[in-house]
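Participant: Structure provided below as structure tokens; questions to follow.
The values are calculated or read from the model by the stated rules, or taken from the named source; none is laboratory data. Owing to the predicted nature of the structure, the values given are computational and were not obtained by experimental measurement. We place every Cβ from the backbone using ideal geometry, glycine too, and count neighbours over all the protein chains shown.
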Amino acid sequence: MKRVAVIDGQGGGIGSFIIKALREQFGERIEIIALGTNSTATAAMLKARANKGATGENAIVWNATRVDLIAGPLSIVLSNSMLGELTPKMAEAVASAPARKLLLPLNQEQVEIIGGVKEPLPHLIEALVARIKEEYDV
């Protein structure tokens, strides 16, 4: 069974949307681990039907090497993003993890991906789920 970590912070809204879409597409055929930068984000993602959840720097650093795929907003690889919730150690752990990373190019941190198509969040999440399905044939 594939293990997918969904990482988010602040209110966990983006992570929750990702988890709901993954559950709709894959049901229980994948294990989803919700990793929040704070307990509110983790709780929201657990409510969206993640299998497990953990909070904080150590949880993100430790789990980043133990999953097949990491999904979340681009900011999970940017030090001090999410209003400072995402620590440099978290960003390094995610960026250095051997897991495949599928990141949503959201422009919340004054970082813009040139050449990326601006799409609404629901369209980005659809594309993320389609990519997981294509790559892992779950």
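Participant: Every residue in region 24-70 that is charged (D, E, K, R) and over 15 Å from Thr87 (Cβ atoms), please.
Facilitator: As a first pass, look at region 24-70 and keep what is charged (D, E, K, R): 24, 28-29, 31, 47, 49, 52, 57, 66, 68.
Passing the criteria: Glu24, Glu28, Arg29, Glu31, Lys47, Arg49, Lys52, Arg66, Asp68.
Participant: For residues in region 89-138 being among the hydrophobic types (A, V, I, L, M, F, W, C) and part of a loop (DSSP other than H, G, I, E, B), which is nearest to Val4 (Cα to Cα)?
Facilitator: Taking region 89-138 and keeping what is among the hydrophobic types (A, V, I, L, M, F, W, C), we get 90-91, 93-95, 97, 99, 102-104, 106, 111, 113-114, 117, 121, 124-125, 127-130, 132, 138.
If we keep only those that are part of a loop (DSSP other than H, G, I, E, B) too, we end up with 97, 99, 106, 111, 113-114, 117, 138.
Numbers: Ala97: 13, Ala99: 9, Leu106: 20, Val111: 25, Ile113: 24, Ile114: 27, Val117: 25, Val138: 12 Å.
Taking the candidates together, the pick is Ala99.
Participant: Among the numbered criteria (1) on the phi < 0 side of the Ramachandran plot; (2) crowded, with 21+ Cβ neighbours inside 10 Å; (3) not acidic (Asp, Glu), which single criterion is violated by Gly72?
Facilitator: Gly72 satisfies every listed condition except (1).
Participant: Return the only residue of Ala48, Ala43, Ala71, Ala54 being touching a Lys or Arg at 6+ places or on another chain (Cβ under 6 Å) and hydrophobic (A, V, I, L, M, F, W, C).
Facilitator: Values: Ala43 fails: touching a Lys or Arg at 6+ places or on another chain (Cβ under 6 Å); Ala71 fails: touching a Lys or Arg at 6+ places or on another chain (Cβ under 6 Å); Ala54 fails: touching a Lys or Arg at 6+ places or on another chain (Cβ under 6 Å).
Just one listed residue meets the conditions, Ala48.
Participant: Another one. Here's a check for you: in region 1-31, which residue that is aliphatic (A, V, I, L, M) and within 10 Å of the chain's Cα centre (by Cα) is surrounded by the most Cβ atoms within 10 Å (Cβ to Cβ)? Explain how you work it out, then say what you get.
Facilitator: Of region 1-31, the ones aliphatic (A, V, I, L, M) are 1, 4-7, 14, 18-19, 21-22, 30.
If we keep only those that are within 10 Å of the chain's Cα centre (by Cα) too, we end up with 4-7, 14, 18-19.
Values: Val4: 27, Ala5: 29, Val6: 28, Ile7: 33, Ile14: 27, Ile18: 30, Ile19: 27.
My answer is Ile7.
Participant: Could I ask something else about it? For Leu86, work out the one condition from (1) farther than 19 Å from Arg3 by Cβ; (2) at pLDDT 95 or above; (3) in a helix (DSSP H, G or I) it doesn't fulfil.
Facilitator: Unmet condition: (3).
Participant: With respect to the numbered conditions (1) modelled with pLDDT under 95; (2) of a type outside the set (Ser, Thr, Tyr); (3) under 22 Å from Asp137 (Cβ atoms), which one is the sole condition not fulfilled by Asn51?
Facilitator: All conditions are met except number (1).
To keep it simple, each residue is scored yes or no on (1) charged (D, E, K, R); (2) buried (at least 19 other Cβ atoms within 10 Å of the Cβ); (3) closer than 27 Å to Phe26 by Cα.
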position: Thr37; (1), (2), (3): no, yes, yes
position: Arg66; (1), (2), (3): yes, no, yes
position: Ser81; (1), (2), (3): no, yes, no
position: Val94; (1), (2), (3): no, yes, yes
position: Leu128; (1), (2), (3): no, yes, yes
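Participant: Which residue pairs have Cβ atoms closer than 7 Å, lie 6 or more positions apart in sequence or on different chains, and pair a first residue in region 30-57 that is without any contact (Cβ under 8 Å) to a residue 40 or more places away in the chain and within 22 Å of Ala95 (Cβ to Cβ) with a second residue that is assigned to a strand (DSSP E or B) and among the acidic types (Asp, Glu)?
Facilitator: Partner pairs satisfying both residue conditions: Gly36/Asp8; Ala41/Asp8; Met45/Asp8.
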